[in-house]
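The structure follows.
The values are calculated or read from the model by the stated rules, or taken from the named source; none is laboratory data. A quick note: this is a predicted structure, and the numbers were derived from the prediction, not measured. Note that we place each Cβ from the backbone using ideal geometry, even for glycine, and neighbour counts take in every protein chain shown. Surface accessibility is based on the protein's heavy atoms, side chains included, excluding ligands, DNA and RNA. Shrake-Rupley method; radii C 1.70, N 1.55, O 1.52, S 1.80 Å.
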Amino acid sequence: MTKHLHLHKNTKFLSLFHTNKSAIFTKASSFTTSTATPWNTHLRNLSKHGQYNEALILYRQMLQSGATPNAFTFPFALKSSASLSLPITGKQLHCHVIKLGCESEPFVQTALITMYCRCKLTEFAQKVFDEMPQRNLTVCYNALISGYVQNGNFLNGFLLFSEMRLRGVLFNAVTVLGLVPGCTVPRYLWLGMSLHCLKVKCGLVNDLAIANCLLTMYVRCASMELARKLFDHIPGKGLITWNAMISGYAQNGLAGEVLELYHEMELLQVNPDAVTFVGVLSACANLGAQKIGFEVEEKIRSSCMRWNVFLKNALINMYARCGNLAKARIIFDDMPEKSLVSWTAIIGGYGIHGLGNIAVELFDKMIETGIQPDGTVFVSVLNACSHAGLTERGLNYLDLMKREYGLKPCSEHYSCVVDLLGRAGRLEEARKLIELMEDEPDGAVWGALLGACKIHKNVELAELAFNKVVELEPTNVGYYVLLSNIYTEANNSEGILRVRLMMRERKLKKDPGYSYFECKGKTYLFVAGDRSHPQTKEIYKLLNRLEDTESEYGGANKNGQEVINHEPPNIIGVHSERLAIAFALLNTEIGADILVIKNLRICNDCHSFVKRVSKIVDRLFVVRDATRFHHFRNGTCSCNDYW
DNA sequence: TTAGGGTTAG
């Protein structure tokens, strides 16, 4: 790319843009004058208002009219080509700069450095920088430092910062702002923290932009406690500060904290914007809190806020994850321009709720419309295939992903495919697939195989998968429980004891599983064997009927007799999902639109229970696993009014 | 008249 960009000092002015086929010359202007000043004023106004195409058109007209650009002209023109990322135009502007002898003007030099960096040509930017007679300007260092960082070369940026300090060149808030985004990966967090200290030492404490930037750094490094500590100490928080914290919580799965902070924002009468709502909707999606999500939607509508694609995608995701696929679909279908994320959200929504056929149909339609898939949408579609038992289809997608789109499957893809093969009973193929993985398989991959071994009662392979998975995730209790259950089914008491001993040695204790059902704006939470709900008697009575009779909801047992025993035989072991389902059945109107939503983590027994119930009741309801939402754990078991 | 920076979705 850089080869044809060599400078030609003899470049004629009017050759500018001749090789550039962009549509920047479509507009004509009647503006003509032979002195540079009025052109510069006009250029400044266009550049200030972000009308970069127009600014470049004007620059060309300036040349055509015979006016000679000067040192004041170039920063505007260069900024325009930088903002539009037009390297050829930028390079030609550089030729003009040299031809007119403006290359030693610091303003022009800095604009050139910025232009090259924005066009991803840092080597050219460095060249401009190196050729500067005096490298003592803070702004030039700032431009190149942030250029390196923006182009992913954080170390060069930091080296330049060290050089700057060694040479005694003063740095300022913008220098720090240029560097901090490079520390958003955990391995550089310590450098970011040293910048945080530097900021305090150098009296940049009140610079809100730096604080926001540092906050984002902690968030991206998943250091949420440090992020919150900083957030609490920022005196005049701006909307960006609130948004950074809210989206930070959302990205790190702390949905409860998102809603708390949003609530606090409302109390303090800080006006949210689209970015805030995207974070809040994402939290609602994680919690399955459809009611709050709906309220947010209403608020957006009543605030006359302009809907952007981010907001729509967040809304689709929220409704889809909460099980309201009809609403998610209406919003999706209504979008004039759907992004890859819109497709991923709706495909993922159908996939996790067991409607794999619709998910793959949509995926194929997406490909037809010419949208280039990425790794994430493949995770959604593979996941959909595994939950709908579309084994061959899923395997084809894995192949398509590699062959047609050149995407390298990662561990997430492999765990979907292992799950896919596993559910189909093709355990040996699943094991071979893991062996063929280019990268080291992670816990999720071996965990998927272990799960499959549970379904197909393969103790030997389960032991292999378990040994691998506990090596990678020694504190994940779920895997120990899974193996213990496999041993239980195989009547292997020695195995059970071994697992229990291992858990005791490692001081691991299983957290109770929770399920919840949202009804009339309230969330009702259940743990296994829960008896604290006021309707416990009715719930168990109904459960007993459902377990005993596979024929009809609320009917009699196989012999046509009313079931007298209202207590299921294994009360302690009644899974939370079943309790939530029975509660849902008792508390929703017959005839309402009700559908069974199968949760990802629902156990195999409950899965068949749900299937059985769905055949009987022909209604729609949503029962979700709340185990991961620690927000719920603080409360007692049932009748939690969430908000 | 002119140069360098912060938050968003699957």
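Give the number of residues within region A:210-237 that are open to solvent by 50 Å² or more (accessible area, probe 1.4 Å) and either in a helix (DSSP H, G or I) or at pLDDT 90 or above (or both).
9
Find the residue count for region A:122-148, including only residues that are surrounded by fewer than 21 Cβ atoms within 10 Å (Cβ to Cβ) and touching a residue at least 60 places away in the same chain (Cβ under 8 Å).
Qualifying residue count for the region: 1.
Of the residues A:126, A:92, A:134, which is of a type in the set (S, T, N, Q) and either within 12 Å of DNA strand B (Cβ to nearest atom) or not in a helix (DSSP H, G or I) (or both)?
Testing whether each residue is of a type in the set (S, T, N, Q) and either within 12 Å of DNA strand B (Cβ to nearest atom) or not in a helix (DSSP H, G or I) (or both) leaves just A:134.
Is there any pair with a first residue in region A:96-114 that is farther than 10 Å from residue A:71 by Cα and free of Cβ contacts under 8 Å to residues at least 60 places away in the same chain and a second that is away from DNA strand B (no atom under 13 Å from the Cβ) and β-branched (Val, Ile, Thr) whose Cβ atoms are under 7 Å apart and which are 6 or more apart or on different chains, and what are they?
Hits for this filter: zero, empty list.
Then there is this: Show me the helices (runs of 4 or more DSSP H) entirely contained within region A:279-377 in which 1 or more residues are surrounded by fewer than 24 Cβ atoms within 10 Å (Cβ to Cβ) and within 15 Å of the chain's Cα centre (by Cα).
The qualifying helices (runs of 4 or more DSSP H) are A:309-321, A:340-352.
Here are some residues: A:34, A:47. Which one is outside any loop (DSSP other than H, G, I, E, B) and free of Cβ contacts under 8 Å to residues at least 60 places away in the same chain?
That would be A:47, the only listed residue that is outside any loop (DSSP other than H, G, I, E, B) and free of Cβ contacts under 8 Å to residues at least 60 places away in the same chain.
Name the residues in region A:374-417 that are hydrophobic (A, V, I, L, M, F, W, C) and more than 19 Å from residue A:359 (Cβ to Cβ), would you?
A:410 - this is the single residue of region A:374-417 that is hydrophobic (A, V, I, L, M, F, W, C) and more than 19 Å from residue A:359 (Cβ to Cβ).
Is it the case that region A:259-270 has a residue that's more than 24 Å from the chain's Cα centre (by Cα), within 30 Å of residue A:312 (Cα to Cα) and within 13 Å of DNA strand B (Cβ to nearest atom)?
Within region A:259-270, one or more residues are more than 24 Å from the chain's Cα centre (by Cα), within 30 Å of residue A:312 (Cα to Cα) and within 13 Å of DNA strand B (Cβ to nearest atom).
Residues checked against (1) of a type in the set (A, V, I, L, M, F, W, C); (2) modelled with pLDDT of 95 or more:
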residue: A:326; (1), (2): yes, no
residue: A:342; (1), (2): no, yes
residue: A:346; (1), (2): yes, yes
residue: A:351; (1), (2): no, no
residue: A:362; (1), (2): yes, yes
residue: A:379; (1), (2): yes, yes
residue: A:383; (1), (2): no, no
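Now a separate question. Is it the case that some residue within region A:307-322 is more than 13 Å from DNA strand B (Cβ to nearest atom) and among the basic types (Lys, Arg)?
Within region A:307-322, none of the residues are more than 13 Å from DNA strand B (Cβ to nearest atom) and among the basic types (Lys, Arg).
If I filter region A:56-70 down to residues being open to solvent by 30 Å² or more (accessible area, probe 1.4 Å) and within 13 Å of DNA strand B (Cβ to nearest atom), which single residue comes out as nearest to residue A:124 (Cα to Cα)?
Selected residue: A:70.
Continuing with this model, one more query. So, in region A:206-223, of the ones that are touching a Gly at 6+ places or on another chain (Cβ under 6 Å) and farther than 11 Å from residue A:234 by Cα, which residue ends up nearest to DNA strand B (Cβ to nearest atom)?
Filtering first and then ranking leaves A:219.
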